[in-house]
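Single-structure report; data block below.
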Amino acid sequence: MRATFLAGVSVIGVMAAGVLPAGAADLPARMPAPAPAAAVWSWTGLYLGSHAGNAWDRTDWLGGTGMLATLPRFEGTGTAGGGFAGAQIGYNYQTGPWVLGVELEGSAADLDGNARCALAMAICNTRVDAMGTLTGRLGWTFDNVLLYGRAGAAYAHAEHILTAYDAENPLKGDSHRFGWTVGGGVEYAVSPVWSAKLEYDYLHFGADQTTVADAAVSYEIETRQDIHRVKVGINRRLDWGLPGLPSGLPAAGGSAGVPVKAAPGPAVPAWTIEVGTRVWFSDGRYQKDLMDSGDPNRLNSRLSYVDMTGIAGETFGRFDHRSGLFVKGYFGAGALTNGTLHDEDFPAQDFYSNTVSEMKDGRLRYAGADIGWNVVTGPVGKLGAYVGYRYFHERGNGFGCAQIAGDSTCAPAISTTFLGLSETETWRGFAVGLNTQLQLTNRIRLEVDGAILPYASRTGYDNHWYRDDINPQIESGRGWGGQVEAVVSYAVTPQWSVGVGGRYWYYTTTDARTEFPGSTTDSPMKFTAERWGGFLQTSYAFDSTGGEIAAPAAAGVFKAPAAAPAGWSWTGVYVGAHAGAAWGRTEWTTATGTGREAWNDVDGNLVGGQIGADWQLGRWVVGVEGSFSWSDLDGNAPCGRVYTCNAHADGLGMLTGRLGWAFGNVLLYGKAGVAWLQTKQSMLYNEIPNAYTADETRTGWTVGSGLEYGLMPNWTAKVEYNWSDFGSRSVAMTDQFGGVIPVDVKQTVQDVRLGLNYRFGQTGPVTPTRAIGPIAGLLALGGPATRWTGVYAGLHVGGGHASEDWSNPFGPQIFGDDIGSGGWLAGGQVGYNHQIGSVVLGVEADASAANLDGTNTCFVGLNPLVGGVDCRSQLEMLATLTGRAGWAFDRSLVYVKGGAAFARDRRELNLVGVGGTIHEATTNRWGWTIGAGLEHAVLPNVSVKLEYDYVALGDDTVGFGLPPALAVVDNRSVSQDAHVAKLGVNYLFNTPLPVQAKY
């Protein structure tokens, strides 16, 4: 059922695209299209539709009756997430540009999450399986676009489950919740009867009583719930005697008095937009290492989450301006369905411990936003550079526990019906990348995207659900990451495409820490996360002009071509809305009374509105803006050995001045002013049922910058970053008994938001928004149009994964001795091609600096108390010398390659746990490689390529120079291979043949 929810987004996308007529066997250069719909378009009528999306929930467990009231600090807060899908029916009535309506919808859902209750004596679980709303809608329409807000009543069905440690019969209860909802969205009519929409909703249910019971007893619990939802949907208008949605299409040959558009010239559209959905099937792994606080080189514990399969639904979009500017982004969410958790301790209770848990019911959420510039643009391709933001969140749940080594932990085994351990992590990073789009044939397009995250922050927490000291265990760090992605799409019609692709993501920390229970100093940590897989997608494209050819109208009546754009002015008052992500830091000083300083990261989402006014003086734009955002920022920190400090912010306001520089309908601006933060601080005592809290509104300052773009008269869109600092101030925190602890708290918040503004007054020319006509530059498949003969040189970036096996002198072991390494590589290549007709033969040499890094347990059996030691493998350099053979067509070259490979490896053997030290060895290795790729000429002398290589480095003996007592693990045999994906750019030193575009 969960897979159905998560795939629903893409299914809806396929359905929406499927209502459009398919093209002929070959796409013509220009396709006939409807006449401008603006003159006759109406939203009035009855409609039916379906939707799918992702939701996240916050549930507060406030208290209980009977035996539950006697438990120490029963209260707890948990978050839930998951997919939903359903249907809606509604009616719209349009009067002028305003659209009034009413809508009823229902959804099946799969939201699941846990909270720590009663000092870890129980797990409080919430599952939401149904939702519904009855709302009024108010919208503003232009052309075939509808922007709307909605508000009304909300319903949810939830099951609450309270499970005590190792309990046979958990307490369960159903809850029918009624509350209210507000939201907003955008709907786009892709045909006279079909429309697609994107919508956000907030559902609030307040506090409510629920009966939970087993076969013997029952109790009352009180909970409070809030749900945030993002969904996509399609609607079909019905003609049941109600006012319908006229098509505005003239009969063949035209109709008298109906204006139609004249055949346009070959002008490039001012802008194009492509939106779509995906289903991503993925696998992944996650590893965290906990080092000793007294001896940072000693490995105390390692958790390895492996074979974490997942499925996610995803929405993506891209905006391109003819100037070369582009903006793109995506949002996805789904479930982690299977996997295995290994929890190792060196040593544990008695001996080395390695417990195995079954992974299921996990969650996955991710997003990205980029802004860039196409630095190379040709007739059938473009290459752009961008900067952006990345967000990656996953929660893995381990059920049950079984010992596979010699320790007493989880012996006997605990049933997999019990949730024992959860790991929740969030990565946020700054991205720098390259993106290329290549039109290979008249219908097939290749898009490749690669990014490096030079800085990424990592926040997370570990819940050992039945331990009060590691529940949660707060973890934080910073590091870097990388992403690479490729997709091949097929144009079914000029507007609708389907595609298949794959991606690989990698994150790792260079500095991380946690305060482990019982320790007075922080323990160093190391985190690594990888996810890879394939996806199916569908998308729909439209632009600013349509590029249509209309049938001739009666009596020769034609619509004149659009006038040249008038000058754009930013002067005027505006109102708008925004949504985005926020993160920040809260520092708790020694005034907390906990005996030491502490800090925690907070993160969450925000949504809100803004009002402002601008005044343009030449190219300078001066303005003022006020905004308020409802937020859900939350984070925890260990404060000494007995406290957990929590910071929660639910409101962020700003009053700022703006100063910008305008060029046409593009405004680059900076802003600064005053900021307010509504926040709640909590300090929870872990050993007795007591908490100190304080609610306050803090005042500080904010600075930021952004880019705003005029989409059409009166409407602008913006992307913006803000830094808000609320300083340090003393807060009097009180408990239920009247006790007071003075706390010095310092807070900062950063946010990235996307916004939409409506400007009162004419700000530019009217440009109709309709479906895109032709896909410019489609080529028919033919012979080679580029001469590949000659010398070339270029650069490349990419990512890779290496696998390495270490021979164990103690024989086959229960675990370990294999190391998976991931990371980045970047370098250059030089080569020569010789073309004979469509056949291209060549030779190429390339070299890459690399950082494919990984660790694992090895030599289990070395010491029965410790169990094993820590082995590390790092591939630092990779070079190849290969022959190439390929087949050229049009501007593309498909090739295979094979030859020799060289690598430089550094290995590390950590023997601290058995009384030794850390030993390193560096080796140079030779092997062989095979690979394949696709290269495409964007310009006569510039080509872009995507390549995959397999590198086999064979067996090698590695010596660490160990003392005689440890000679048994010295001079071990190590085998290694690697998989590498690269995105490259080449400059061809030749005199190219002229390229003939075929239309």
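Residue-by-condition table, conditions (1) small (Gly, Ala, Ser); (2) more than 15 Å from the chain's Cα centre (by Cα); (3) closer than 28 Å to Gly820 by Cα:
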residue	(1), (2), (3)
Val306	no, yes, yes
Ala312	yes, no, yes
Thr315	no, no, no
Val327	no, yes, no
Phe346	no, yes, yes
Asn374	no, yes, no
Pro379	no, yes, no
Leu383	no, yes, no
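Please specify each residue of the range 226-235 satisfying the condition of being more than 14 Å from Ala52 (Cβ to Cβ) and crowded, with 23+ Cβ neighbours inside 10 Å.
Ile227, the sole residue that qualifies.
Looking only at the range 177-191, which residues are over 29 Å from Ala541 (Cα atoms) and either surrounded by fewer than 21 Cβ atoms within 10 Å (Cβ to Cβ) or among the basic types (Lys, Arg) (or both)?
Of everything in the range 177-191, those that are over 29 Å from Ala541 (Cα atoms) and either surrounded by fewer than 21 Cβ atoms within 10 Å (Cβ to Cβ) or among the basic types (Lys, Arg) (or both) turn out to be Arg177, Phe178, Gly179, Trp180, Val182.
When only residues in the range 833-845 that are in a strand (DSSP E or B) and either out of contact with any Gly (no Cβ under 6 Å at 6 or more places or on another chain) or outside the structural domain of Ser803 (by TED's automatic domain parsing) (or both) count, which is surrounded by the most Cβ atoms within 10 Å (Cβ to Cβ)?
Gln835
Can you name the residue in the range 276-300 that is closer than 20 Å to Phe535 by Cβ and basic (Lys, Arg) and, of all such residues, is nearest to the chain's Cα centre (by Cα)?
Among them, the one singled out is Arg278.
Check whether at least one residue in the range 502-523 is modelled with pLDDT of 90 or more, within 19 Å of the chain's Cα centre (by Cα), among the hydrophobic types (A, V, I, L, M, F, W, C) and surrounded by fewer than 18 Cβ atoms within 10 Å (Cβ to Cβ), and report yes or no.
no
What number goes with the only condition from (1) out of contact with any Phe, Trp or Tyr (no Cβ under 6 Å at 6 or more places or on another chain); (2) crowded, with 21+ Cβ neighbours inside 10 Å that Asp468 does not pass?
Asp468 satisfies all of (1) out of contact with any Phe, Trp or Tyr (no Cβ under 6 Å at 6 or more places or on another chain); (2) crowded, with 21+ Cβ neighbours inside 10 Å except (2).
Which pairs turn up if I take residues in the range 284-301 that are crowded, with 21+ Cβ neighbours inside 10 Å and look for partners that are part of a loop (DSSP other than H, G, I, E, B) with beta carbon separation below 9 Å, at least 6 apart in sequence or on another chain?
If the second residue must be part of a loop (DSSP other than H, G, I, E, B), the pairs left are Leu290/Phe516; Met291/Asn297; Met291/Arg298; Leu299/Asp292; Leu299/Phe346.
Restricting the first residue to the range 784-796 and requiring it to be within 16 Å of Gly933 (Cβ to Cβ), which pairs with a second residue that is part of a loop (DSSP other than H, G, I, E, B) and charged (D, E, K, R) meet a Cβ separation below 7 Å and a spacing of at least six or different chains?
Thr786/Arg891
Taking Gly898, is it farther than 20 Å from Asp853 by Cα, assigned to a loop (DSSP other than H, G, I, E, B) and not aliphatic (A, V, I, L, M)?
No; evaluated as a whole, the condition is false for this residue.
Residue check: is Thr436 touching a residue at least 24 places away in the same chain (Cβ under 8 Å), touching a Gly at 6+ places or on another chain (Cβ under 8 Å) and either surrounded by fewer than 20 Cβ atoms within 10 Å (Cβ to Cβ) or farther than 30 Å from Val375 by Cβ (or both)?
In short, no.
Among the residues of the range 454-476, is any within 30 Å of His936 (Cα to Cα) and touching a Gly at 6+ places or on another chain (Cβ under 7 Å)?
No: zero hits.
Testing Gly139 on (1) surrounded by fewer than 22 Cβ atoms within 10 Å (Cβ to Cβ); (2) within 31 Å of the chain's Cα centre (by Cα), one condition comes back false. Which one is that?
Of (1) surrounded by fewer than 22 Cβ atoms within 10 Å (Cβ to Cβ); (2) within 31 Å of the chain's Cα centre (by Cα), only one is false for Gly139: (1).
Of all residues in the range 914-938 being surrounded by fewer than 18 Cβ atoms within 10 Å (Cβ to Cβ) and farther than 25 Å from Asp805 by Cβ, which is modelled with the lowest pLDDT?
Among those that are surrounded by fewer than 18 Cβ atoms within 10 Å (Cβ to Cβ) and farther than 25 Å from Asp805 by Cβ, it is Gly915.
Taking strands (runs of 3 or more DSSP E) that do not extend beyond the range 53-169, which have at least 2 residues that are of a type in the set (Val, Ile, Thr) and over 21 Å from Lys231 (Cβ atoms)?
In the range 53-169, the matching strands (runs of 3 or more DSSP E) lie at 76-95, 145-164.
In the range 797-817, how many residues are modelled with pLDDT under 85 and either surrounded by fewer than 18 Cβ atoms within 10 Å (Cβ to Cβ) or under 21 Å from Ala901 (Cβ atoms) (or both)?
Number of matching residues: 6.
Quick one: in the range 635-665, of everything that is modelled with pLDDT under 85 and among the hydrophobic types (A, V, I, L, M, F, W, C), which residue is surrounded by the fewest Cβ atoms within 10 Å (Cβ to Cβ)?
Across the range 635-665, the extreme among qualifying residues is Phe663.
(1) surrounded by 21 or more Cβ atoms within 10 Å (Cβ to Cβ); (2) over 33 Å from the mean Cα position of the chain (by Cα); (3) modelled with pLDDT of 85 or more: which one isn't true of Leu245, the others all being true?
Going through the list (1) surrounded by 21 or more Cβ atoms within 10 Å (Cβ to Cβ); (2) over 33 Å from the mean Cα position of the chain (by Cα); (3) modelled with pLDDT of 85 or more, Leu245 breaks only (3).
Any chance the range 155-174 includes a residue that's farther than 22 Å from Gly78 by Cα, without any contact (Cβ under 8 Å) to a residue 40 or more places away in the chain, touching a Phe, Trp or Tyr at 6+ places or on another chain (Cβ under 7 Å) and surrounded by fewer than 19 Cβ atoms within 10 Å (Cβ to Cβ)?
No: zero hits.
Go through the range 328-358 and give me each residue that's outside any loop (DSSP other than H, G, I, E, B), over 22 Å from Glu394 (Cα atoms) and of a type in the set (Ser, Thr, Tyr).
Ser353
Every residue in the range 714-743 that is crowded, with 19+ Cβ neighbours inside 10 Å and assigned to a strand (DSSP E or B), please.
Those that are crowded, with 19+ Cβ neighbours inside 10 Å and assigned to a strand (DSSP E or B): Trp715, Thr716, Val719, Glu720, Asn722, Ser724, Phe726, Val731, Met733, Val743.
Quick one: which of Phe815, Phe810, Phe859 is touching a His at 6+ places or on another chain (Cβ under 7 Å) and under 19 Å from Ser973 (Cα atoms)?
One residue alone meets the criteria, Phe815.
Exactly one condition in (1) within 27 Å of Gly450 (Cβ to Cβ); (2) assigned to a strand (DSSP E or B) is not met by Ser323; state its number.
(2)
Right, Thr957: on the phi < 0 side of the Ramachandran plot, modelled with pLDDT under 85, loosely packed, with under 14 Cβ neighbours inside 10 Å and not basic (Lys, Arg) or not?
For Thr957, the condition - on the phi < 0 side of the Ramachandran plot, modelled with pLDDT under 85, loosely packed, with under 14 Cβ neighbours inside 10 Å and not basic (Lys, Arg) - is not met.
Taking only the range 404-423 into account, find how many residues are in a strand (DSSP E or B), surrounded by fewer than 20 Cβ atoms within 10 Å (Cβ to Cβ) and among the polar types (S, T, N, Q).
3
How many residues, within the range 163-222, are farther than 30 Å from Gln495 by Cα, charged (D, E, K, R) and modelled with pLDDT under 90?
Residues that pass the stated criteria total 7.
The values are calculated or read from the model by the stated rules, or taken from the named source; none is laboratory data. What you see is a predicted model, and the numbers here were worked out from it, not measured in a lab. Glycine also receives a Cβ, built like all others from the backbone with ideal geometry; neighbour counts cover every protein chain displayed.
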